[in-house]
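K.L.:
Once you've had a glance at the structure underneath, I'll fire off some questions.
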Amino acid sequence: LFAVNLSSDFDAPVTVDFDALQFAEATFDEPQTYLYEPNAALLKLGAFNWISEHYALDKLAVNTQLYTSEKLIEFPGRRFKIKDRIPYSKKTISQLLKGTQAHITTRNFKASVADLRKKFKIKSGGERYIFFTTLENGKSLMLDCEKS
């Protein structure tokens, strides 16, 4: 199987063996230094566990298609350096983000991007990338990141 993302800095097609895709096993961990978000082609392929195994990255949770590592690697998708990890609390998040500008992404999270933007009055854009997600242990978390 081939995964080709037509609008990517990582322009090499990714070849995935069907058996490797079927039998790959993911590892899981808390967010480390770097966060990886696979490109659309890999997500459409359903290569969730294969990504973890092939790139030696840990998934944040079974249903969270975000990956983490201590090392910065070449990767078919977006790469971020995690600046801060904040347990989700309405009061804390409001104090940190109210009126700021950031790119917002949710993965396996209880609220939508639109709801979060409205609730915390976050404007779109800028150099800041905020991920709201749920970890393997069920805890909700905000990751404050910058592009790598």
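The values are calculated or read from the model by the stated rules, or taken from the named source; none is laboratory data. Note that the coordinates shown come from a computational prediction; the quantities given were computed from them, not determined experimentally. FYI the Cβ positions are ideal-geometry reconstructions off the backbone, even for glycines, and counts take in every protein chain you see.
K.L.:
So how many residues does the stretch 51-84 have that are surrounded by 16 or more Cβ atoms within 10 Å (Cβ to Cβ) and of a type in the set (Lys, Arg)?
P.N.:
Count: 3.
K.L.:
Name the pairs: first residue in the stretch 126-144 and within 13 Å of HIS103 (Cα to Cα) and assigned by TED's automatic domain parsing to the domain that holds THR106, second residue among the β-branched types (Val, Ile, Thr) and assigned to a loop (DSSP other than H, G, I, E, B), Cβ to Cβ under 8 Å, at least 6 apart or on different chains?
P.N.:
GLY126/THR100; ARG128/THR100; ILE130/ILE122
K.L.:
Moving on to the next point. Would you pick out the residues in the stretch 110-148 that are exposed (fewer than 12 other Cβ atoms within 10 Å of the Cβ), under 15 Å from THR64 (Cα atoms) and either in contact with a Ser or Thr (Cβ under 6 Å, 6 or more places away or on another chain) or among the polar types (S, T, N, Q) (or both)?
P.N.:
Of everything in the stretch 110-148, just one residue is exposed (fewer than 12 other Cβ atoms within 10 Å of the Cβ), under 15 Å from THR64 (Cα atoms) and either in contact with a Ser or Thr (Cβ under 6 Å, 6 or more places away or on another chain) or among the polar types (S, T, N, Q) (or both), namely ASN137.
K.L.:
Kindly indicate whether TYR88 is outside the structural domain of GLN32 (by TED's automatic domain parsing) and surrounded by fewer than 20 Cβ atoms within 10 Å (Cβ to Cβ). Steps first, please.
P.N.:
Details: outside the structural domain of GLN32 (by TED's automatic domain parsing): yes; surrounded by fewer than 20 Cβ atoms within 10 Å (Cβ to Cβ): yes.
Judged against the criteria, TYR88 is a match.
K.L.:
Do we have ILE86 as assigned to a loop (DSSP other than H, G, I, E, B), without any contact (Cβ under 8 Å) to a residue 60 or more places away in the chain and among the β-branched types (Val, Ile, Thr) here? Lay out the reasoning, then the answer.
P.N.:
Details: assigned to a loop (DSSP other than H, G, I, E, B): no; without any contact (Cβ under 8 Å) to a residue 60 or more places away in the chain: yes; among the β-branched types (Val, Ile, Thr): yes.
Spelling it out, it is not the case that ILE86 is assigned to a loop (DSSP other than H, G, I, E, B), without any contact (Cβ under 8 Å) to a residue 60 or more places away in the chain and among the β-branched types (Val, Ile, Thr).
K.L.:
Quick one: count up the residues across the stretch 94-146 that are under 25 Å from LEU72 (Cβ atoms), in contact with a Phe, Trp or Tyr (Cβ under 9 Å, 6 or more places away or on another chain) and of a type in the set (Val, Ile, Thr).
P.N.:
Number satisfying all stated conditions: 5.
K.L.:
I've got another one for you. Does GLU37 satisfy being over 18 Å from GLU146 (Cα atoms), not assigned by TED's automatic domain parsing to the domain that holds MET142 and not polar (S, T, N, Q)? Break it down stepwise before answering.
P.N.:
On the way: over 18 Å from GLU146 (Cα atoms): no; not assigned by TED's automatic domain parsing to the domain that holds MET142: yes; not polar (S, T, N, Q): yes.
It is false that GLU37 is over 18 Å from GLU146 (Cα atoms), not assigned by TED's automatic domain parsing to the domain that holds MET142 and not polar (S, T, N, Q).
K.L.:
Taking the stated definitions as given, is ILE130 touching a His at 6+ places or on another chain (Cβ under 8 Å) and either assigned to a helix (DSSP H, G or I) or modelled with pLDDT of 95 or more (or both)? Give the derivation first.
P.N.:
Working: touching a His at 6+ places or on another chain (Cβ under 8 Å): yes; either assigned to a helix (DSSP H, G or I) or modelled with pLDDT of 95 or more (or both): yes.
Taking the combined requirement at face value, the residue satisfies it.
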